[in-house]
1. Hey, can you tell me all the residues within the range 9-30 that are within 12 Å of M89 (Cβ to Cβ) and either of a type in the set (G, A, S) or surrounded by fewer than 16 Cβ atoms within 10 Å (Cβ to Cβ) (or both)?
2. So, in the range 48-106, exactly how many residues are under 12 Å from the mean Cα position of the chain (by Cα) and part of a loop (DSSP other than H, G, I, E, B)?
3. For the range 68-86, name all the residues that are farther than 22 Å from P8 by Cα and exposed (fewer than 10 other Cβ atoms within 10 Å of the Cβ).
4. Search the range 34-67 for residues being among the charged types (D, E, K, R) and modelled with pLDDT of 95 or more, and hand back the single one that is surrounded by the most Cβ atoms within 10 Å (Cβ to Cβ).
5. Report the residue count in the range 87-114 for those that are under 19 Å from V11 (Cα atoms), exposed (fewer than 13 other Cβ atoms within 10 Å of the Cβ) and among the hydroxyl-bearing types (S, T, Y).
Amino acid sequence: MRGINEPPVKVWLVWSNEHDAWWGPARRGYTHDVWAAGRYAETDAAVICRRAAYGWREGALPPEVMVSAPENDQDKFSVDDLRHMPERMAARAEEVTREAIAKRRAEQDSEVSR
């Protein structure tokens, strides 16, 4: 049981650039509905993405990326929030995809300079 002073546990979604969809719950299937997407602990989402990265081809998008779930940022959602959440989450997925690409390039550059 979590103590009162402990921060809430963050949950993560996994975006599949290969399938252009969110991973479903329990690593089963894919969905375009952010609310129906699976919620994963950070370590589980990281494992999914790391395993998928083995197939990440040069010049391609990373196969899977971790995206912070919308409920990590707020407790309540207005109708407007719900209406615009698919676009917001798509933007988040694009952002973390760009970050993953930049990180990979930086790692490759540091390997070349050694």
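The values are calculated or read from the model by the stated rules, or taken from the named source; none is laboratory data. Since the structure is predicted, the reported quantities are computational estimates derived from the model, not experimental observations. Positions of Cβ are backbone-derived with ideal geometry, glycine not excepted, and every protein chain shown enters the neighbour counts.
1. Scanning the range 9-30 gives a single hit, A21.
2. Residues flagged as under 12 Å from the mean Cα position of the chain (by Cα) and part of a loop (DSSP other than H, G, I, E, B) within the range 48-106 amount to 3.
3. Result: V79, D80.
4. Selected residue: E64.
5. 0
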